[in-house]
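Participant: Take a look at this one; I'll ask things after.
Where a number appears in this text, it was derived from the coordinates with a stated rule and is not lab data. Values in this document were obtained by computation on a predicted structure and should not be read as measured data. Reconstructed Cβ throughout: ideal geometry from the backbone, glycine too, with neighbour counts over all protein chains shown.
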Amino acid sequence: MIRRTSHPEATVSARRTEAFTDGVFAIAATLLVLGLTSQSLGSIDSEADLAAALGNLLHPVFTFVISFLILCVMWMTHVRQFEWIARIDNAGMWINNLRLLLVVLVPFTSSLGTDYSDYLIGRVLLPVNFFLAILVGWLQWAWALRSGAIPGLSPADARRLGRAALSAVIISALAVAASPLVGSAGFLLFFLDGPLTRVLRGTDAPVDPIGPPPASPGASEGAGRLGE
């Protein structure tokens with residue numbers, strides 16, 4: 001993904017890529033709830049039966065909430081990335097498409113984690129799914145940085161932001177390692193994301209990764225877009 005290259009005709013505005021990505025994330029997050037149905041409660045003849053059946057839904061609800069929250073975190077990362085990126089080429093679009101392929105698999109692997117948590121593969125697939133999606137998201141950001149996509153960002157700041165973005169990759173890898181023992185509970189490690197991000201970025205990093213890049217004469221198109 002690039003703002004300016006020696007061949008600007010090879011790039012297009014990132015607006016439609018952003019919109020498509022937003023839609024895919026929204027659909028994937030919505031489909032997660034389909035794993036929670038009243039049919040799974042079984043036969044209910046009393047208040048006690050209903051209470052017991054709802055208690056049995058604690059694990060599916062936990063998996064749903066965790067999956068939804070991590071999808072939200074990934075979408076927020078997407079939003080931050082595209083505050084910096086105004087134009088995109090074919091390679092950038094395919095990297096983004098690969099991430100979305102992994103995102104749309106989340107409802108499926110989430111349901112497997114709920115229905116087959118007694119089996120190793122059932123416990124591992126959802127964490128692996130999220131790890132790969134997060135890794136591709138990091139590769140997308142690395143692609144933008146290495147291509148010189150962000151005007152006004154110094155090499156030192158680019159390195160700091162790249163290190164900070166590794167936080168989610170590291171934590172999701174740890175969640176995969178823990179999943180054979182604890183399943184989706186390994187995602188609770190994401191509570192460490194904030195502190196680890198600050199450690200990897202460094203205390204002297206002046207760049208806010210959420211905000212848009214500073215305007216520069218060579219990036220008038222990108223600056224105009226971000227100002228909309």
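Participant: Please specify each residue of the stretch 88-131 satisfying the condition of being among the acidic types (Asp, Glu), within 24 Å of Leu181 (Cα to Cα) and part of a loop (DSSP other than H, G, I, E, B).
Facilitator: Of everything in the stretch 88-131, just one residue is among the acidic types (Asp, Glu), within 24 Å of Leu181 (Cα to Cα) and part of a loop (DSSP other than H, G, I, E, B), namely Asp118.
Participant: Condition first: over 30 Å from Ile95 (Cβ atoms) and exposed (fewer than 13 other Cβ atoms within 10 Å of the Cβ). Now tell me which residues in the stretch 21-49 satisfy that.
Facilitator: Answer for the stretch 21-49, where residues must be over 30 Å from Ile95 (Cβ atoms) and exposed (fewer than 13 other Cβ atoms within 10 Å of the Cβ): Thr37, Ser38, Gln39, Gly42, Ser43, Asp45, Ser46, Glu47, Ala48.
Participant: A follow-up question, please. Of Met74, Met93, which residue is touching a residue at least 40 places away in the same chain (Cβ under 8 Å) and either closer than 27 Å to Leu189 by Cβ or of a type in the set (Ser, Thr, Tyr) (or both)?
Facilitator: On the way: Met93 fails: either closer than 27 Å to Leu189 by Cβ or of a type in the set (Ser, Thr, Tyr) (or both).
When all the criteria are applied, what remains is Met74.
Participant: Just name the residue that is farthest from the chain's Cα centre (by Cα) out of those in the stretch 85-110 that are surrounded by 21 or more Cβ atoms within 10 Å (Cβ to Cβ) and of a type in the set (Gly, Ala, Ser).
Facilitator: Applying the filter and picking the extreme gives Ala86.
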